[in-house]
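Accompanying notes for the structure given below.
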Amino acid sequence: MITPVILCGGVGSRLWPLSRPDMPKQFVPLLGDETPLQEALLRVADPERFAPPVIVTTHPYRFIAAEQVRRVGREATILLEPLRRDSGMAIASVVAWLEAEGSGETGAAADPTVLVLAADHKIEPREIFVEDVLAARGAAEAGHIVTFGVTPTAPETGFGYIEPGESVAGGPARKAQRFIEKPKRDVAEGLCEAGCFWNSGNFLFKNATMREALAAHAPDLLEGAIAAVAGADRDLEFLRLGEAAYAAVRPISIDYAVMEKAGKVAVLPVRHEWSDVGSWEAVWKLGAAGPEAMVTRGSVHAHETRGAVAFAAEGVDVALVGLEDVVVVATGDAVLVADRARSQDVKALHARMEAAGVKSAKGGRRVLRPWGDFESIDQGARYQVKRITVSPGQKLSLQRHFHRAEHWVVVRGTAEVTRDEETIILHENDSVYLPIGCVHRLVNPGIIDLELIEVQVGSYLGEDDIVRIEDIYQRDSEE
């Protein structure tokens, strides 16, 4: 049995405005109905081969990750990193947690085989991927850390490369002779000609093997991870790793911390297709049927346009005339227009917007909550209009506001409203007024989504004007 570990803490700023810090690309459908995280979960869904997965993410994404796990009918352990410390500490924490979980066990339970996957990669077909994972087991069980190598299709300068050596453990995996990080164009061309592989950033290893490698080459990470697991506490369905231990360690990738230093590292040339979906150019390559084909989503209308990526949010029409090789992404609150060949530069643009305090650089108008979501659809000096959706059986916190009153109008489903001492049942077209300072709560007692329009009126309309009296999700005031 293989234990999948899915690293799910990235921001994906190169895919702005579809991917944002409040809702990064691993949680957003890009080229299909499932999100990249859900695709990763389904990739390791065979219970005969894979144990329930472990997801490593950060505090702000915990409810998003849990909901997406539920929506594909899976179960997972979710470890919460209190701070971002890159893949080195994330993997070290999983190693320490698995060791603690397996203490007192014998055999495979004490030293599981671990498959580390990024949550935001595109890998297909699933059947070939599983065959490649199984092909790597021999090398992993012989004490190697196996990385999955992808045969280059072009001399990409944004990827790391691996120079392969001789076969290891009598199987298809080969010794990883050398790692080369993001080379210049001419060097990348030479590496491709020499038969080197792209480093996919996905790994297979025995837990004890990675522990030994961390102890030898990054003991500070291992010690910090052991302390973080020892200091972990339960938060609803999540395990929150110790913050003090995390704060004391350096941020570093597992490649720099271990892979480039360890002696027994192997690379398996894979047969499955792989993309890190790291830019809009990568999205085009994944979806385009030819050099002049377009990749579109939503209401996109084009005339004499070739090689474009065009995404339109619901309710937005995008029209293109006489363009070639462009990216046009229109959401409800932001529009990106870029040369497709310069799509890697979106990261730098996003960083400047974020530093300038541009609101859309952080999040969109639709905000997910553990009970559902809300979207701001209009706002003025003393008012705001929201569309609120509450999932069946879910409830908002019991709360009050000091600076705003609210009007709720039900447009679909049934609402159970607490207003001070009253309990009110509302159906479609019913409404209720919540004056400033009243204690209130919204519950969906039905079996379909509850949708309502909320009109806020007051001197201050920020999300931090919430005093939570009772909350089943144990959130901070601004969550």
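The values are calculated or read from the model by the stated rules, or taken from the named source; none is laboratory data. What you see is a predicted model, and the numbers here were worked out from it, not measured in a lab. So basically every Cβ, Gly included, is an ideal-geometry build from the backbone, and we count neighbours across all protein chains shown. Only protein heavy atoms, including side chains, enter the accessible area calculation; ligands, DNA and RNA are left aside. Shrake-Rupley method; radii C 1.70, N 1.55, O 1.52, S 1.80 Å.
Observations on the model:
- Over the chain, dividing the summed -39,500 (n - 2.57) contributions of all DSSP H runs of at least 4 residues by the number of residues returns a 222 nm mean residue ellipticity of -6500 deg cm²/dmol.
- Crossing angle, helix 62-71 versus the chain [Cα axis fit, 0-90 degrees, rounded to tens]: 80
- Cα centre as origin, Lys/Arg/Asp/Glu Cβ charges: the stretch 307-447 dipole, Debye: 480
- Prolate/oblate/rounded call for the chain, Cα gyration tensor, a/c under 1.5 rounded: oblate
- For the stretch 96-157 and the stretch 167-232, distance of Cα centres in Å: 11
- Relative contact order of the chain, defined on C-alpha pairs under 8 angstrom at six or more residues apart (%): 14
- The stretch 68-178: relative contact order as a whole-number percent, Cα under 8 Å and 6+ apart: 14
- Helix 126-141 axis, angle to the chain major axis (alpha carbon atoms, nearest 10°): 50
- Label-to-label distance, nm, for residues given as T153 and E463 (7 Å Cα→Cβ offset): 3.7
- Taken per residue, the accessible surface of the chain reaches 44 Å², heavy atoms only and a 1.4 Å probe.
- The spread of Cα positions in the stretch 81-198, taken along each principal axis and listed from longest to shortest, comes to 52, 40, 28 Å.
- Dipole magnitude (debye, nearest 20) for the chain, charges at Cβ of Lys, Arg, Asp, Glu: 660
- For the stretch 233-249, the Karplus equation 6.51 cos²θ - 1.76 cosθ + 1.60, evaluated at θ = phi - 60°, returns couplings of 9, 6, 10, 6, 8, 10, 10, 8, 6, x, 6, 4, 5, 5, 5, 8, 9 Hz by residue, with Gly and Pro reported as x.
- Classification of the stretch 190-315 by its C-alpha gyration tensor yields an oblate form. The axis ratio a/c (a ≥ b ≥ c) is 1.5 or more, and b/c is at least a/b.
- Rounded to 0.05, the FRET efficiency of the Q344 and K184 pair, given R0 = 22 Å and the Cβ-Cβ distance, is 0.90.
- Binned Cα-Cα distances of the stretch 317-447, short to long, each 10 Å bin given as a whole percent: 10, 30, 26, 17, 13, 3, 0
- Rounded to the nearest 10 degrees, the angle from helix 86-101 to the longest Cα principal axis of the chain is 90 degrees.
- Spin-label pair A288/L134, simplified geometry with 7 Å Cα→Cβ offset, distance in nm: 3.6
- Filter on K184/K261; K122/K386; K25/K395; K25/K264; K122/K175 - keep pairs with C-alpha separation over 30 Å: K122/K386; K25/K264
- Here the chain has 49 percent of its accessible surface on carbon and sulfur atoms, given a 1.4 Å probe and all protein chains in place.
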